[in-house]
Structure formats: C-alpha cells, structure tokens
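The structure appears right after this line, and notes come after that.
What follows draws every value from the coordinates through simple rules; no lab data is involved. Just so it is clear, the model here is predicted, and its values are computed rather than measured. Heads up, the Cβs are rebuilt from the backbone with ideal geometry, glycines too, and the neighbour counts pull from every protein chain shown.
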C-alpha cells in the first residue's frame, strides 16, 4: 500500500486489506443482510439512491469489508473501512458487519485489526446510526474481556465516533503519516482551530496513539505487534543480568548512592537492548500525556517468548509515565503476558506542573495495577530507587537489585534536611537508612541481588 498523494484516490478497503495481509490470505467473512425500509430507517429522501451510487462506484455494499488473514504469520480478523462508500460512515448495516466480525474473532480466538477511515456516523440514519457506537464499544469490550488483542490502524481520515471507538479504543493504535485524526471532522470543528492538532502526529504527541508508521512498513509492524500480543505465558520473566561494573556490592550506603548516580552506569535502554531480541514500544497514557524521557514501555521477545516491559530511565518520572506503565501492565495482564519492570528514578517529578497533571493519582494507579496483576511481574532495580515514585513500579515479593543500585524511603540529602542535620552528616544518614542492595535483602524488601 502506498501513501495517498494530494489529488490521488484513497486505496480501497480491499486494497488496504490485501496490502496488510500475507500473500493471498485475505478471505472475506459472510456479509450480514438486513431487511431495509425504503430510504432507510428514517425514510430519508434519496438515501437508497446514494447507497446505490456508492455501491456502483466502490463495488461494495457497505462501508466496511471484514475478513480474516494472516499478517506476518499470525491469523487475525481485519476490518477495513471503505471511505468511498458514503465517507466510510457507520450505519445499522455497518454495525451488523462489525458485530459479526468481533463475534467471529472471539469464537475463533483471533486478534482484531480495525483499518479505520471514516467520517463518523451516517446522518441519513440519525440516532440509529449514532447508537452503533455503543454497539461497537460493547463488542470491543467483550473482545477485551476474552483476552484478545486489538491493534488499530488509523488512516486518512479517521474522525468522529470511528476514532472514539474502533481507533482510540484499541490496545495499540498505529497511524499513517499525515492522516487527519480527531473527534471533530474538518467540516464541524471551529473555523479558527489549528489543523495541526487534528493529525496522526498530534495524536501521538498527545499520548492518544502509539506510533506513526509509514505505509511501506505497516505490514511488518502489524505482524510484529500481532506476534507479540498473541503469545501468553504464565512463567515469570527472569531478571536481566547486570551491565555495570563487577566491583561487588557497595561498602557503604553513600557508596551505593554514588554508584547508582554515576553517569557511566548503564541505563534502561541498554538493559532492554541486551535483554530483548526485538521489541515494540507503546507510547502515551491515553489521557493527553507522554513521558518519553522518563518511562519506556512496550513488548519484546526474550528467549523466544513475549515479555512486556516498563522501565524508568534515571530521570524524575512524570505523571504520564506512571499512567503509561499502568496501561502497559493492565494490557499485559489481560493478555496473559509476564511483565518486567526496571526501577531507576531519583523520585517522582514534584514540580507544580506534575501536581497539576495528577502525580498522586497517577502513582496510585500504578500501585493498583501492579498489586492487581494476575500475570507475574518481575522487577530489577538498576540504579536509583527513590521513594514511592520508584516503589510504585516494583513487584512485591519479586524485586531484585544490581550492585550499582540503592532503594530508599527518601534521598539521603533530603532525609538529613528533614532531620535538621548538617550536610556533613548526609553520608552517615545514608548508612543509617540501610539502602544498599545487601541491606534490602536482609530487611526482606527485595528477593536478592543479581550479579556480584
């Protein structure tokens, strides 16, 4: 599938499905036939003629084409929107097809891939068209409860209820470059609205979509995601081997702090690269925020099986980072995929912006996600473990630590300040806090150390 150029036609639904599918594997599901009243349920004058012309122009009888295919070797249900059929709008017949496709996916235990291009609900069917969104949301929810993945591709345009259900409601959202994506379509948004806010790139920046993917990379990217999200495992993830020096465990509390804060110490990206043979990232908290510099989340392959990861990067974690990690853990839990978390933060971001963004509720949400996970969660402390902002990501009873790390109720400097001690007593305070990896093992806070 090639990217649509200005002045050229959009690819048809079948062309999109064929471009996504492995060679000659797309097979259409039987269409659901509904008895129709003349000019639709509202008797809208000329509606039948509109549908007839749309069918003649596109060769389709409705605005979606549903079928099964293999994508990168993984069988899935594809839902491809035909924008040429009344702008890919949703009506009752569209809802029939969507419900049948989701039902088939659950019956055959298949992931669902909506390939969305729609202007929204069909005006000629009024509220009966709009209520199809509730119907679609119900089918998506049932599929989610069944533990099946949904990976959406939002094309140009994806607006209205199609974006607010099939698109943004998916587990992973991929977007084509430059696609118009937003709840408000171009004809209904304010005249002075910035058009750049209604693009695929803007939705990724706002945490509503995970990545912009070039059309030529879409089949491979989708295949990778489907493979990763359809490999459940009840075996916990093994903690990574340490990548730091082999100088043994720290002699003092302050030595532990110094080693954890060393700029030469390996960070999360190095651990993830060494641990996974390949990985795919999710991005965004679905609440308008991202924390790309503070939290890395996604799924990867380790020794032939899928493991989800949420990794702090050594900076103060922002609220969006905590919410993204909670989203990752809940998704992995629902799909039966074990989780690896890497703890490395001096603490949660505590500036005014972080408070306005809901730092406390975001941390609480992550504590809840970890506590409620049924899938096994493994944690490795690879650097600084600063207070509750670090503990929220740690697995109770299955947390490990590297020799160049520490875990503390509070940073030694702040502890000394609270106790009204002079700066010269910071190192002594670090010892008293018992924050070294071996101290944490003795106290029963962590399970053990990894490496020397």
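DSSP bridge analysis restricted to the stretch 253-449 gives an antiparallel fraction near 40%, rounded to the nearest 5.
The packing ranking, built from the mean of other Cβ atoms within 10 Å per residue, places the peptides 123-132, 49-58, 318-327, 106-115 in the order 318-327, 106-115, 123-132, 49-58, highest first.
Axis angle, to the nearest 10 degrees, between helix 92-107 and the longest C-alpha principal axis of the chain: 50 degrees. With the Cα gyration tensor of the stretch 86-205 giving a ≥ b ≥ c as the square roots of its eigenvalues, does the rule (a/c under 1.5 for rounded; else a/b larger than b/c for prolate; else oblate) give rounded, prolate or oblate? Oblate is the answer for the stretch 86-205, as a/c is 1.5 or above yet b/c matches or exceeds a/b. With R₀ fixed at 25 Å, the C-beta to C-beta distance from residue 258 to residue 235 puts the FRET efficiency at about 0.10. Shape class for the stretch 237-303: oblate, because the ratio a/c of the largest to smallest gyration tensor axis (alpha-carbon atoms, square roots of eigenvalues) is 1.5 or more and b/c is at least a/b. Here is the P(r) of the chain: all C-alpha pair distances, binned every 10 Å from 0, give 4, 20, 27, 21, 14, 9, 4, 1, 0 in whole percents.
Mind pulling the angle between the C-alpha long axis of helix 359-372 and the longest principal axis of the chain? Nearest 10 degrees, somewhere in 0 to 90. Between helix and principal axis, roughly 90 degrees. Of all DSSP beta bridges confined to the chain, the antiparallel ones make up roughly 40%. When the square roots of the Cα gyration tensor eigenvalues are ordered a ≥ b ≥ c, the ratio a/c for the stretch 325-393 is 1.5 or more and a/b does not exceed b/c, which makes its shape oblate. Computed on the stretch 13-229, with alpha-carbon pairs under 8 angstrom and 6+ residues apart, the relative contact order is 18 percent. Size of the stretch 159-214: Rg and Dmax of its alpha carbons, in Å, are 10.8, 32. Its relative contact order, with pairs defined as Cα atoms under 8 Å and 6+ residues apart, puts the stretch 151-250 at 24 percent. Every Cα-Cα pair of the stretch 253-449 was included, and the share exceeding 23 Å stands at 41 percent. Taken over the stretch 13-229, the alpha-carbon convex hull comes to 116 cubic angstrom per residue.
For the peptides 433-445, 328-340, the ranking by packing is 328-340, 433-445, with the highest mean count of neighbouring Cβ atoms within 10 Å listed first. For the chain, relative contact order (Cα pairs under 8 Å, six or more residues apart, normalised by length) works out to 11 percent. For the chain, the longest principal axis of the alpha carbon atoms and the long axis of helix 215-229 meet at an angle near 60°.
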